[in-house]
Amino acid sequence: MVRNFSIPIAALVLLVSWTNCTKAQDESDKQTIKLRAWGVPTSSSGVSSLANLRVLEEFQKKFPYIKPVSSTGIRMPGGSRTMNMVPLMQIAGDIPAHVMYVNFRQSDTYIRNKFLYPLDKYIEKTLGLDITNGQNMELDEYLAELAKSPEYETEIEPRIPHQCWEVMRRECPYKEKCLFAKVNGGQWEFDPTEKHYHVWAFPQGPLVTALLYRKDLFHEAGLPDRVPRTNEEFFEFAKKLTNPAENRFGVNMPLDEVLSYRTLSFLYSAGGRLVDRDENGEWRCLFDSPEAVEAYFFVARLVHEPFKGPDGKTMSSVVYSGETRGGQVYVAMQFANIDQRVFRNQDPNVMGFGPVPLGPTGKRGSEFNSRMTGIFAGLEGKDKEDIRDAAWEYIRFYDGPEARKIRTKVYVEHGLGRFVQPDLLRAAGYEEYIRQIPKGWPEAYQEALKTGVPEPYGKNCQNVYSYASKGINQIQTDKEVKEAIVARKEALDAGDAALAAKWEGRAKERIRDILKVQVRISNDKMLDILEPTERKKRNTVATIVAVSILVIFVLLFRKVFKVFDAAQLRDPGAPKGKWQFTRYKWAYLLLVVPVGSVILWQYYPLARGTVISFQNYNIRGFYEWVGMANFASALYDVEFWYSLWVTLKYALLFMLFGFTAPIVLAFLLTEVPKGKILYRTIYYLPAVLTGLIVIYLWKSFYGQYGMINQAVNFFVHILNWLPGVQLAELHKNWLRDPQLALICILLPAIWAGMGPGCLIYLAALKTVPEEIYEAADIDGAGILHKVFYVAIPNIKALIMINFIGVMVATMKGSGNMALAMTGGGPYTPYGQTEFVGLKIFFQAFGYLRFGVATAMAWILGSMLVGFTVIQLQKLSKMEFKTAAGIK
């Protein structure tokens, strides 16, 4: 019997077509979601950007209702420390990224500050699972449950190395009051306990550190085509590759605020750590350990140990610090990250890479890291579920199996298939390209992955590089360390091993002392490690100080009101009454807007800051009352008081030179017989330049090969023509000199501010009657007598008002120049240019200690308010007249 299958088949086709049409209709009916996300390419320049663009295009085909847009935001100078502040400012400005970038060192801070939404239920849903109370399981047990899904091998295992899990899955800061559990009003069915876990971020491409080297430079130096195997061989290679006269350097290692990051491989290979957990599970800084001392002694040798270069001249450093004579720079070796997806998009005939060198104990350690993304916690709630779901789809797709195939295809199409990892080529069907991968690259990557140590991810570790770098920077600028390393080398050259060991011990002892001080500061400030009795004592002292500040402000405000009492200012012939609303109604009406503006933008923030100074305040609005703890932290912060001392020194120097310079210039320009307009224009021109241009112009002057050193070396070359004279060229980085850095910041401030200040005093000198000068001439007064006995007394009031205003402004706002020029350094161990305003800024936006920052601001304000009262007293006694002499 023959059956007719045409009707059922046709019906099935119609059903499938109707289902697809319905699905497509549902997708199109969804409201477009504008998703602010990390990783959205802003251009298609370069293969990597083009690959990301193709991934984004495919994502939008699958999810046409989701429109990802870049969330990169503003850019600030200052390196990693200021880079980490950008997401915080976006949150504060109510424009946070929906898909946030999270790195290892930021992860704990983001979790504790409740910036991230948990991802565990999204991961389980992707794998087709619903694990009961998975949040209460330990990591191994939870991973075993995830591995039961057949999707685990494609969606999870290739994307997440085991080192990532301990960073991604962390304890919930909400504890038993977890907002995401149904019992607390959330959407997830589980029983939150005091200690339970969530997955807070998802990897988007793990990274390991390897050592890159220039094959062409190695060949020219007669070195083998491989990375050095040990630290000592690394140093020997670097010596042969360094020739500053030709802009050639052995190692790329800028001595900046992330120097501790650039030297991690030396620390890990020596067996040391920046931070780690103790036996009680508490995080502690450990970069003063014997292993750390050994590692940073080697780093100091790279910077200070003299050697004979290829041209026979004695050189003192194999390190490229970012300064050159100009022109092309050639750096032979540098530590860099290798991606899990693509090795390096560089010509293998020119650039090679391998594992980092073995340390002094024969061990190898390199940094393991990963780009990660998370969902902003502000998207909790049913009303934002669509955005939250869209964010997860973006996170899942961005580096998922399909996205990896797209990236692989783009690289292959552009002739770069040999740079893609073998597993990705195999998965995308390009196995024939595997044999084109440069020999040794996959093995080097696997070795780096095997010996990879996760980047610090503990409490407040977003600042760990900054704290550790202060100590390492001090080692590089310390005279004792340098002298000991130089003396050690001289002893070795003389064949005196015992003397060399003595100098090495002295250098290490000094390095240990420097690191111990910085570790103590870091444990106190970064990790808040303090004994209960010490904490109680500090809170008591803070209470006394806070009450004293309150009394000072009350008394000073009372003084201000007395100074400006309406009865003292009222015209004796005017009608009685203090306010006289009827008489001055239009004046009061005009004052409504400006007074309201001052209250809104000055006094409301002041009142809000007063409240925050007693809270552990979170940028998302969460807070807990901590009493006097913030004032205690500020009062016992040695760096805060040192920054206040630095600010005071700067203010005194500025008042001595910067405040007097415009006055002197005004007198000189007044006496110029011809070309007054030309001279005034010349002196005012620096003020036309933007502050950033002034900063970077002078920063270039202070560099190793900047204008100052060039001018000095010009005379050095002239003197070297004399018989018996052989002076070395000067290549000093003036901003890294602890004794000169403050002066170096002061000079551009004076240079840029002298012209505008001069015009104010020129205008004031015009108001001095000519008759007085004529009378002084008749009496035989000279130029100095006319200045000190005629001109200055007549503009004395203006000078006094400006003096107080400039003093207060200098104390409050002197950190702007230092932020871009030095970042607060050099450190000895305290920042020689870390002004108090910069200190407060870093506390708030760098360390998220808003309560401590406002407490510091109040302490500073209590010191400066006296100047304001003096200024108001002076103003109250001044009599202002019009040009016609009418009051």
Query raised in the report: Hey, rough spin-label estimate for Glu220 and Ala711, points 7 angstrom out along Cα→Cβ, what's it come to in nanometres?
Result: 3.3
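Express the accessible area of the chain per residue in Å², computed with a 1.4 Å probe while the remaining protein chains stay in the model.
On the way: 44260 Å² over 887 residues.
Dividing the accessible area of the chain by its residue count gives 50 Å².
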Query raised in the report: What is the distance, in nm, between label points placed 7 Å from the Cα along the Cα-to-Cβ direction at Lys62 and at Trp641?
Result: 5.9
Query - Under 28 Å from Lys240, Cα to Cα: lysines that are on another chain or at least 8 residues apart - result: Lys215, Lys308, Lys313, Lys363, Lys439, Lys479, Lys482, Lys489, Lys502, Lys508, Lys732
Query raised in the report: Given 4 °C and 1.567 mPa s, how large is the Stokes-Einstein diffusion coefficient of the stretch 658-756 in µm²/s, with Rh as the Kirkwood radius over Cα pairs?
Result: 81
Report task. Pop out the carbon and sulfur fraction of the accessible area of the stretch 441-488 as a percent, whole number, probe 1.4 Å. Result -> 50
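Would you calculate, for the chain, the mean residue ellipticity at 222 nm contributed by helices, counting each DSSP H stretch of 4 or more residues as -39,500 (n - 2.57) and dividing by all residues, to the nearest 500? Let's see the in-between values first.
Working: 38 runs with 459 residues, N = 887.
Helices in the chain give a 222 nm mean residue ellipticity of -16000 deg cm²/dmol.
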Report task. On a 0 to 90° scale, report how tilted helix 385-398 is relative to the longest principal axis of the chain, with both axes built from alpha carbons and the result rounded to the nearest 10. Result -> 70
Query raised in the report: So what's the angle, to the nearest 10 degrees on a 0 to 90 scale, between helix 796-813 and the longest Cα principal axis of the chain?
Result: 20
Query raised in the report: On the accessible surface of the stretch 682-733, probed at 1.4 Å, how many percent belong to carbon and sulfur atoms?
Result: 74
Query raised in the report: In degrees, nearest 10, range 0 to 90: what is the angle between the Cα axis of helix 638-653 and the longest Cα principal axis of the chain?
Result: 40
Report summary line: Simple spin-label estimate for Leu139/Ser49, 7 Å along Cα→Cβ, in nm, reads 3.7
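How much length is gained on full extension from Gln726 to Lys536, taking 0.36 nm per residue of separation minus their Cα-Cα distance?
In short, 62.1 nm is gained.
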Query raised in the report: What Kirkwood radius, in Å to one decimal, follows from the Cα pairs of the stretch 223-336?
Result: 15.3
Query raised in the report: Tell me, what ³J(HN,Hα) does each residue in the stretch 830-841 have, in order and in whole Hz, if you take phi through Karplus 6.51 cos²θ - 1.76 cosθ + 1.60 with θ = phi - 60° and put x for Gly and Pro?
Result: 8, x, 6, 10, 8, 6, 5, x, 5, 4, 5, 4
Query raised in the report: Using modelled backbone amide H atoms (1.01 Å from N, in-plane), which distant-in-sequence or interchain residues come within less than 5 Å of Gly452's amide H?
Result: Ser366
Report summary line: Interchain or sequence-distant (5+) residues whose placed amide H lies within less than 5 Å of the amide H of Tyr705 are Thr324
Report summary line: Carbon and sulfur atoms account, in whole percent of the 1.4 Å probe accessible area of the stretch 120-224, for 48
Query - Calculated from backbone phi, Karplus (6.51, -1.76, 1.60) coupling profile of the stretch 581-596 in Hz, x at Gly/Pro - result: 4, 5, 6, 10, 4, 6, 5, 5, 5, 5, 7, 4, 5, x, 5, x
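Taking the alpha carbon gyration tensor of the stretch 688-742, what are the square roots of 5 times its eigenvalues, largest first, to the nearest whole Å?
On the way: eigenvalues 163, 34, 9 Å².
Taking √(5λ) for each Cα gyration eigenvalue gives 29, 13, 7 Å.
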Query raised in the report: By how many nm would the segment from Lys195 to Val69 grow when fully extended, if each residue of separation counts as 0.36 nm and the alpha-carbon distance is taken off?
Result: 41.7 nm
Query raised in the report: Residue by residue, what Karplus-based ³J(HN,Hα) values in Hz, rounded to whole numbers, does the stretch 463-476 have, using 6.51, -1.76 and 1.60 with θ = phi - 60° and x for Gly and Pro?
Result: 10, 5, 5, 5, 5, 5, 5, 4, x, 5, 4, 5, 4, 5
Report task. Quantify how much of the Cα-Cα distance distribution of the stretch 591-701 extends past 19 Å, in percent. Result -> 74
Query raised in the report: Which percent of Cα-Cα pairs in the stretch 434-559 sits in each 5 Å bin, short to long?
Result: 2, 8, 9, 9, 9, 10, 11, 12, 10, 6, 5, 3, 3, 2, 1, 0, 0
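How large is the translational diffusion coefficient of the stretch 725-872 in µm² per second when you combine the Kirkwood radius over alpha carbon pairs with Stokes-Einstein at 20 °C and 1.002 mPa s? Please list the in-between numbers first.
Values: Rh = 19.1 Å.
Value of D from the Cα-based Kirkwood radius: 112 µm²/s.
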Query - Kirkwood-based Rg to Rh ratio, the chain, C-alpha trace - result: 1.03
Query raised in the report: Taking H as built 1.01 Å from N, whose amide H comes closer than 5 Å to the amide H of Arg371, not counting residues under 5 places away?
Result: Gln204, Gly205, Leu207
Query raised in the report: What's the Kirkwood radius of the stretch 303-415 in Å, using all Cα pairs?
Result: 19.8
Requested in this report: For the stretch 220-263, restrict the atom set to alpha-carbon positions and state the Rg and Dmax in Å.
Outcome: 12.0, 34
Query - Cα point-scatterer Debye curve for the stretch 713-794, base-10 log of I(q)/I(0) at q = 0.10, 0.13, 0.14, 0.18 Å⁻¹ - result: -0.59, -0.71, -0.73, -0.86
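What's the FRET efficiency of Glu233 with Asp276 using the Cβ-Cβ distance as r and R₀ = 25 Å, to the nearest 0.05?
Values: r = 29 Å, r/R0 = 1.15.
Approximately 0.30, to the nearest 0.05.
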Query raised in the report: Assuming R0 = 41 Å, what is the FRET efficiency of Met655 and Leu606, from their Cβ-Cβ distance, to the nearest 0.05?
Result: 0.95
Query raised in the report: What is the spread of the Cα atoms of the stretch 130-206 along each of their three principal axes, largest first, in whole Å?
Result: 35, 23, 19
Query raised in the report: Going by accessible area, probe 1.4 Å, with all protein chains left in place, what is the ranking of Ile792, Ile870, largest first?
Result: Ile870, Ile792
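The values are calculated or read from the model by the stated rules, or taken from the named source; none is laboratory data. Values in this document were obtained by computation on a predicted structure and should not be read as measured data. Virtual Cβ from ideal backbone geometry, glycine too; neighbours counted across all protein chains shown. Side chains are part of the model used for accessible areas, which takes the heavy atoms of the whole protein and leaves out ligands, DNA and RNA. Shrake-Rupley method; radii C 1.70, N 1.55, O 1.52, S 1.80 Å.
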